[in-house]
Structures are given as structure tokens and as C-alpha cells.
Amino acid sequence: MSEHEYDLINRQLKLTIVQKNKLKAFMSNTNNKKEYRRLLAILQKAEGRTFEDIANEHGVSTRSVQRWIAAYIQSGIDGVKILSTWCSEIMPF
């Protein structure tokens with residue numbers, strides 16, 4: 001991660017109403033728990049919660065939360081989507 005990206009994710013994440021609504025709409029339509037958790041973490045960061053607090057709530061590392069936020073900043077919702085794997089397409093569990 002570049003220093004610029006690190007500075008961006010460590011500042012308060014500011015989302016517009018439209019961005020928040022898009023996140024919430026995607027959350028309500030996904031069946032993937034990991035995607036839901038990532039999107040929720042983004043909303044929580046936008047509310048001013050710390051990376052540590054979010055990570056503790058979701059049982060992940062602070063670094064994971066930072067990566068999710070960075071991916072969202074860089075690519076929007078597409079950046080935090082879970083890509084399906086070959087195995088899960090063949091044998092869904």
C-alpha cells in the first residue's frame with residue numbers, strides 16, 4: 001500500500017447519501033456473509049469508528065479492515081465483492 005493510500009484510509013471516510021444507499025442496497029441483496037461484513041465495515045468506518053473497533057467486532061485483523069476500506073476507495077463496491085472460485089461454482093456448500 002502506498003503512503004498516499006494509507007493516508008486516505010486513515011482519515012475519516014466520508015460517504016454521500018447516494019453512496020451509503022448503494023452500500024445498503026447491495027448489502028440487502030447479497031447472500032455472501034463476507035461481502036456483507038465488508039460493506040458493513042465500510043459504513044461503520046464512515047460513522048467514525050476505528051479500525052480496531054471494527055476489526056474486533058467482526059473477528060478479523062485491523063489490517064483486513066484497512067484493506068477493505070482501501071479497496072472500496074479505489075474501486076467502489078466492486079473492490080470489496082467476493083469473487084467466486086472455481087471450486088465453489090462446482091460444489092456450492
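The values are calculated or read from the model by the stated rules, or taken from the named source; none is laboratory data. Because the structure is a prediction, the values reported are computed rather than measured. Reconstructed Cβ throughout: ideal geometry from the backbone, glycine too, with neighbour counts over all protein chains shown. SASA here: full protein model, heavy atoms, side chains in, ligands and nucleic acids out. Shrake-Rupley method; radii C 1.70, N 1.55, O 1.52, S 1.80 Å.
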Output for region 25-37, where each listed residue is under 12 Å from the mean Cα position of the chain (by Cα), free of Cβ contacts under 8 Å to residues at least 24 places away in the same chain and open to solvent by 50 Å² or more (accessible area, probe 1.4 Å):
33, 36, 37
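Per-residue answers, yes or no, for (1) surrounded by fewer than 12 Cβ atoms within 10 Å (Cβ to Cβ); (2) modelled with pLDDT under 95; (3) assigned to a helix (DSSP H, G or I); (4) not aromatic (Phe, Trp, Tyr):
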site	(1), (2), (3), (4)
22	no, no, yes, yes
39	no, no, yes, yes
48	yes, yes, no, yes
88	yes, yes, yes, yes
Of the residues that sit in region 64-86 and are more than 11 Å from the chain's Cα centre (by Cα) and exposed (fewer than 11 other Cβ atoms within 10 Å of the Cβ), which one is modelled with the lowest pLDDT?
86
